[in-house]
C-alpha cells in the first residue's frame, strides 16, 4: 500500500501530532495584515494633513494680522499728522485774524468827500492827498508798502480821481465785451443812497482784481484790491466800513 494514501483512523490525531498536543495553525494571510495596516494609516495621514494645514493657516493668519496692523498703524499715524497740521493751520489763521483787530482807520479830507474806512492793523499805508489829477492816492499792504514800481499786487488801493463816474466806467467796456471783466451794480452798506459799480476780473494785466467805483460830485471814488489773497479783508472789513460824503 502506498504510504501517501494511508488513511487516519477515526478518533486518532493527525500524523506527527502527539496525543494532547494542539494542531499547528498557519499564520494570518498577508492580505489580512495589509487590511489592518490600511485601517491604521488612513487616520494617521488625515491627522498629519490636518495638522500641517492648520499650522500653515495659522502662519498665514499671523502674517496677515501683522500686515493689517502695520497698515493700520501707518494710516493712524498719517491721520494724526494731518490732524495736527490742520489744527496748527487753524490756529495760525486765528492768530493772523486776531492780530488784525482792532483795525486802523483812514479818514480823508472833507474837500474830497471825507472818505473813511478801516483796514487791518497789521497793514501799513502810504497815502498822498491834494495832487491835482488824483486828490487821494493810497497804497496799503501788510507789514510795509513796497514801491509802486516793484510789481507788487497791493492789498488795497484808495483813489479819488479827477474824472467823472461815467468816463471811468467807459474805459472798461472793451474788457467787458471780451469777457475779461464783469460789472455789477453796487451800494456801500454805510452809504446805501449812492449807486456805484463793482468791477471784477483782469483790471490790471495778469491780475484778478476787485474794484468798486462811486460817483463823488464831479470826481470818482475808487476802492480796489489787486490780489485774491486779500479778497476776504476787502469784503469783510474795507467795504463794510467804507463811508463818504457824496
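Read-outs: derived from the displayed coordinates by stated rules, not from any lab. Here the structure is a predicted model, which is why all the values come from computation and not from measurement. Virtual Cβ from ideal backbone geometry, glycine too; neighbours counted across all protein chains shown.
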Residue 55-residue 163 pseudo-label distance in nm [points 7 Å out on the Cα-to-Cβ vector]: 9.2 nm
Region 133-159 and region 166-243: distance between their alpha carbon centers, rounded to Å: 16 Å
For 176, 45, order by how many other beta-carbon atoms lie within 10 Å, fewest first: 45, 176
Length released on extending from residue 82 to residue 176, taking residue separation times 0.36 nm less the Cα-Cα span: 29.5 nm
Among 164-175, 209-220, 51-62, the order from most to least packed when residues are scored by Cβ within 10 Å on average: 209-220, 164-175, 51-62
Length added when fully stretched, residue 104-residue 124, from 0.36 nm per residue minus Cα-Cα: 6.3 nm
Extended-chain gain in nm, criterion 0.36 nm per residue less alpha-carbon gap, residue 48 and residue 65: 3.6 nm
Neighbour-count ranking [beta-carbon atoms within 10 angstrom, fewest first] of 226, 200: 200, 226
Per-q log10 I(q)/I(0), region 104-241, q = 0.22 Å⁻¹ (Debye; single scatterer per alpha-carbon; no solvent): -1.66
Separation of the residue 231 and residue 152 label points, Cα + 7 Å toward Cβ, nm: 2.3 nm
Normalised contact order of region 135-219, rounded percent, pairs of Cα under 8 Å and 6 or more residues apart: 24 percent
